[in-house]
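The values are calculated or read from the model by the stated rules, or taken from the named source; none is laboratory data. Since the model is a prediction, treat every value here as computed from it, not as a measurement. Positions of Cβ are backbone-derived with ideal geometry, glycine not excepted, and every protein chain shown enters the neighbour counts.
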Amino acid sequence: MKRRDGTGLVRNELRLLLTAADLQIAGHDRFHGYDLARHLADAEDGSSIMSQPTLYRSLRRLEDRGALSSEWEDPAEAARQGREGRPRRYYRLTAAGAELATSELHEQQLRWISGRLVPLPANTAD
Amino acid sequence: MQSDYRARFPLSIRLAHAINRLLTWGMTTPDRQRLLSEGLADWEAMAEDQRPRQVLGRAIRGIPAAIWFRLSDRDITSMPAGIALSLVGLGGIVSGSAASPYPEPFKLFVVVTSAGLLLVGVNFVRNPRRVILARYRPAGLLAAVGFTGLAVTFPTAAQWPYDGPVLENVVMDRAMQVSFVVIAIGFLLLIAASHVREGRRWVTTAGIVLVIGTATLGVTQIVWGVTMAPIDLTMSVPSLVIGLGALSFVHVLPRLRHLDIVYSEVKTGRLDQQGLRKGKS
């Protein structure tokens, strides 16, 4: 899949990054992989939940680029929620990730605007 | 972090986890454990708000993507290819040493070649993320000698033990012999790479030569295997396997350029910063 010129992300990585930004704006300071995949599916009405291999590969690449950071859940916290021995891996949007998401949204807006601008005829300036 | 697979999980999660275990087989332990642990927690979270059928559907939907990533991702190990190569080598040794009707010298070189391929495969499996050139010397030498021998001792029409017309096809014969020679040159370049300062370039060249040789070998072996099918199935099947194995390696070889290439283990202290041999040119 071709990497985009602006952010260097492929489409799935971009979708996840924007979803992560969306979750953070909604007040979730951390989220696990399935959270992201489910919110993405909800946001894109009708799309199915992203498969695990695609999800984790995209998350790993976003992490490698510094857009996300991750940590294992404290086992004691998992045990309190009845998930003894099965802690989740939680992701957070980093400052670099937020910047990347903002720049992508800005680019999308520019593309949207430029796609709707009708060039004026050359002699209308006079 | 250990993956925690417990029998008390619902069947859908157990099956999804089993699919994950299969698809991550051969990856390095830390990567695999992380994926399995994260995946298991993920299936569990999914099972809270989705039906078992949907959990399984997502697991099954991930299979093609996982296979594609395993074959194409430069970050993931070459272990499956190494295992396939080892098996092809082992099969070649068995079939070459068995009582086949081919001339003895040809059978001998089948065994030598297969032993070389087996060792190359074992080296891949031992260290799937790095090409440690020194380790490929014995394997490369055996394979180079073997393939050259196969080209030289290739059965003539008079030595051909079957009534079938296979060896009467001159184009096929020459194509197979040429592919043997090209592959032997590729292995010799790989050996040479361990002796020179700019070994990385030599490895790249060896890779290109091996791609050309294995592609030719793959196609000719498959055509040969199909042609042999009505004459002798016991010769046709190994030929088809070798052909498919060779073609799968055409796909894998370009990926080698992404791997670390070092002369030897760092602990020997004979490496420069790129891990290539010091002081020789």
ask   = In the list A:GLN24, A:GLN108, which residue meets the criterion of being in a helix (DSSP H, G or I), at pLDDT below 85 and among the polar types (S, T, N, Q)?
value = A:GLN108
inquiry  = Can you find, within region B:26-66, the residue that is nearest to A:GLY33 (Cα to Cα) among those that are in a loop (DSSP other than H, G, I, E, B) and more than 9 Å from chain A (Cβ to nearest Cβ)?
reply    = B:ARG51
request  = Determine which member of the set B:LEU259, B:LEU276, B:LEU189, B:LEU240 is at negative phi and modelled with pLDDT of 85 or more.
outcome  = B:LEU189
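Residue-wise test of (1) farther than 12 Å from A:GLY33 by Cα; (2) away from chain B (no Cβ under 14 Å); (3) charged (D, E, K, R).
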{"site": "A:SER47", "(1), (2), (3)": "yes, no, no"}
{"site": "A:ARG61", "(1), (2), (3)": "yes, no, yes"}
{"site": "A:ARG65", "(1), (2), (3)": "yes, no, yes"}
{"site": "A:ALA76", "(1), (2), (3)": "yes, yes, no"}
{"site": "A:ARG80", "(1), (2), (3)": "yes, yes, yes"}
{"site": "A:TYR91", "(1), (2), (3)": "no, no, no"}
{"site": "A:GLY97", "(1), (2), (3)": "yes, yes, no"}
{"site": "A:SER114", "(1), (2), (3)": "yes, yes, no"}
message = Looking only at region A:49-59, filter to residues that are of a type outside the set (Lys, Arg) and under 23 Å from A:ALA96 (Cα atoms); which one of those is farthest from the other protein chains (Cβ to nearest Cβ)?
response = A:SER58
ask   = Just one of the numbered conditions (1) assigned to a helix (DSSP H, G or I); (2) surrounded by 21 or more Cβ atoms within 10 Å (Cβ to Cβ) is not true of A:ARG38; which one?
value = (2)
task = With respect to B:SER86, determine if the residue is more than 10 Å from chain A (Cβ to nearest Cβ), within 29 Å of the chain's Cα centre (by Cα), buried (at least 17 other Cβ atoms within 10 Å of the Cβ) and at pLDDT below 90.
result = yes
key: Selection count where residues are in contact (Cβ under 8 Å) with a residue 40 or more places away in the chain and either under 12 Å from the mean Cα position of the chain (by Cα) or buried (at least 19 other Cβ atoms within 10 Å of the Cβ) (or both), scope region A:24-35   = 4
